[in-house]
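None of the figures in this text is laboratory data; all of them are computed from the coordinates on show. Since the model is a prediction, treat every value here as computed from it, not as a measurement. Quick reminder, even Gly has a Cβ in these numbers, built from the backbone with ideal geometry, and neighbours come from all protein chains shown.
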Amino acid sequence: MINKTFFKEFPVLETNRLILRKFTLEDAKEVQSMRSDQRVMKHMDSKEHLSIAQSEEFIKENLNTYSLEKGIFWAITEKNSGAFIGDFAFWRIDSKNFRAEIGYTLNPAYWGKGYMKEAMDAALAFGFKKLNLHSFEANINPENMNSRKILERTGFKKEAYFRENYYYDGRFLDSEIYCLLERDFTPRKA
Ligand SMILES: CC(C)(COP(=O)(O)OP(=O)(O)OC[C@H]1O[C@@H](n2cnc3c(N)ncnc32)[C@H](O)[C@@H]1OP(=O)(O)O)[C@@H](O)C(=O)NCCC(=O)NCCS
């Protein structure tokens, strides 16, 4: 069984340089700024956030999904400054199969520092060890090199390539599906 206690008390995660905490509506401004940045949205294939109100809605939906025990959405913050730098999600928890799909986004000012790898290692370790998940899935646009790199570094293996299965913004896009079992998990050594 999945450990449901984490849906009663939010699982705050701490790493060397980061704290992953629950979202609040106060984060909307930073979310909007990140999710309207073309560098971030280039391969996300989802709508950019045009207003803070739209980001508030996004946060509310995420909090609701958590309250329904179907997902966990972390705001990633820098420990030293307290700055909001990105998000990490188990956004589709499939309890029956002990599996979740992940999603992640980082403000470009913080790319290239290993921050997302650090956040991902902590979230996946939590997922396997505490939440009792068995596997993770990630779905990427094949052109998303940065995303593929972090998945491969973490031990994810490509299990599928779907041709033109995703219709977005008037185009049919290909998808790559990556999966991780705990025995293939390669967190960075501290
Ligand atoms: C995907 C994304 C989160 C990756 O961010 P990132 O900063 O490149 O990821 P990492 O945390 O793994 O950092 C790795 C880089 O930091 C470097 N680095 C610097 N210091 C480091 C440290 N202490 N530890 C580890 N890596 C470090 C690595 O060498 C690596 O650089 P490289 O890419 O030139 O090889 C980011 O590109 C992003 O937000 N993209 C837009 C949103 C998106 O597409 N999300 C995924 C949708 S599926």
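In the range 93-121, the residues that are touching a residue at least 24 places away in the same chain (Cβ under 8 Å) reach residues that are near the ligand (Cβ under 7 Å from one of its atoms) and small (G, A, S) with C-beta atoms within less than 6 angstrom, at least six apart or across chains, in these pairs: I102/A138; T105/G86; L106/G86; N107/G86. Would the range 101-118 turn up any residue that is surrounded by 16 or more Cβ atoms within 10 Å (Cβ to Cβ), more than 13 Å from the ligand (Cβ to nearest atom) and of a type in the set (A, V, I, L, M, F, W, C)? Taking every residue of the range 101-118 in turn, none turns out to be surrounded by 16 or more Cβ atoms within 10 Å (Cβ to Cβ), more than 13 Å from the ligand (Cβ to nearest atom) and of a type in the set (A, V, I, L, M, F, W, C).
Whenever a residue of the range 33-44 is within 15 Å of Y104 (Cβ to Cβ) and within 7 Å of the ligand (Cβ to nearest atom), its partners that are part of a helix (DSSP H, G or I) and of a type in the set (A, V, I, L, M), lying with C-beta atoms within less than 9 angstrom and at least six residues away or across chains, give the pairs V40/M34; H43/M145.
The set of residues in the range 126-148 being within 16 Å of the ligand (Cβ to nearest atom), under 15 Å from the mean Cα position of the chain (by Cα) and closer than 20 Å to R188 by Cα consists of F136, E137, A138, N146, S147, R148.
One line per residue, one yes/no per condition, for (1) exposed (fewer than 15 other Cβ atoms within 10 Å of the Cβ); (2) of a type in the set (S, T, N, Q); (3) out of contact with any strand residue (DSSP E or B) (no Cβ under 8 Å at 6 or more places or on another chain); (4) touching a residue at least 40 places away in the same chain (Cβ under 8 Å):
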| site | (1), (2), (3), (4) |
| --- | --- |
| L133 | no, no, no, yes |
| E137 | no, no, no, yes |
| F162 | yes, no, no, no |
| Y166 | yes, no, no, yes |
| I177 | no, no, no, yes |
| R183 | yes, no, yes, no |
| T186 | yes, yes, yes, no |
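The residues listed here are F88, F98; of these, the one that is surrounded by 14 or more Cβ atoms within 10 Å (Cβ to Cβ) and touching a Phe, Trp or Tyr at 6+ places or on another chain (Cβ under 9 Å) is F88. Would you check if L180 is more than 21 Å from N16 (Cβ to Cβ) and part of a strand (DSSP E or B)? Judged against the criteria, L180 is a match. A count restricted to the range 64-79 and to residues that are of a type in the set (A, V, I, L, M) and surrounded by fewer than 17 Cβ atoms within 10 Å (Cβ to Cβ) stands at 1.
Kindly list, by first and then second residue, each pair from a residue in the range 49-69 that is under 19 Å from F6 (Cα atoms) and touching a residue at least 24 places away in the same chain (Cβ under 8 Å) to a residue that is surrounded by fewer than 18 Cβ atoms within 10 Å (Cβ to Cβ) and of a type in the set (A, V, I, L, M), limited to pairs with Cβ atoms under 8 Å and residues at least 6 apart or on different chains. Close Cβ pairs (under 8 Å, with a partner that is surrounded by fewer than 18 Cβ atoms within 10 Å (Cβ to Cβ) and of a type in the set (A, V, I, L, M)) amount to I59/L25; K60/L25. Taking the condition over 19 Å from I59 (Cα atoms) and aromatic (F, W, Y), does F90 pass? So F90 does not fit the description; no.
Of the residues making up the range 149-166, those that are within 12 Å of the ligand (Cβ to nearest atom) and of a type in the set (D, E, K, R) are K149, E152, R153.
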